[in-house]
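Report on one structure; see the data block that follows.
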Amino acid sequence: MDNQELAKLQLYQMIAAIPHGRVASYGQLAHLAGRSGAARWVGYCLRHLPADSNLPWHRVVTASGKLAFSVNSHNYKRQHQLLVSENIHLQHHKVDMKQYQWRP
DNA sequence: AGAATGACGTCTG
DNA sequence: ACAGACGCCATTC
């Protein structure tokens, strides 16, 4: 198994470790997976996540606390709803990172 | 091989 | 606070 697959597995592991009610940023996860600066790679991995995976992908937001989808998209609404179900509410389309960001 | 793409981040004005 | 410009990484055309 090459380093790529290893980083991906580590990434999935970190995402699975995000506690209920907290969020992590793409860049933060890249760093935790041993790939500092590869925030866009994290986005790529999530984009191609199998539908049956049980990862809490909705707990992943941008560094500024915004959701990575356009506000009118279906995915945005879905992620928003999942966050609200965890008692995370958006203010002006943003998560309050000071309050909700996961700090391992 | 080189350019384009995207579920990103940071710096600047 | 916010939009635009650049920079990044891996992947795809």
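Okay, here's what the table says:
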item	result
A:His92 paired with A:Tyr76, simple spin-label distance in nm, labels 7 Å along Cα-to-beta-carbon	1.6
Check: segment A:3-100 dipole with +1 on Lys, Arg Cβ and -1 on Asp, Glu Cβ, in debye	240
Residues A:His74, A:His89, A:His58, sorted so that the one with the fewest Cβ neighbours within 10 Å comes first	A:His74, A:His89, A:His58
Rg/Rh (Cα only; Kirkwood hydrodynamic radius) as it applies to segment A:1-50	0.95
Under-18-angstrom lysine pairs by C-alpha in chain A, whenever the two are 8 or more apart or on separate chains	4
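Each reported figure results from applying straightforward, stated rules to the coordinates on display, with no laboratory input. As the structure is a prediction and not an experimental result, all values here were calculated from the model. Here the Cβ is made from the backbone with ideal geometry for all residues, glycine too, and neighbour counts use every protein chain on show.
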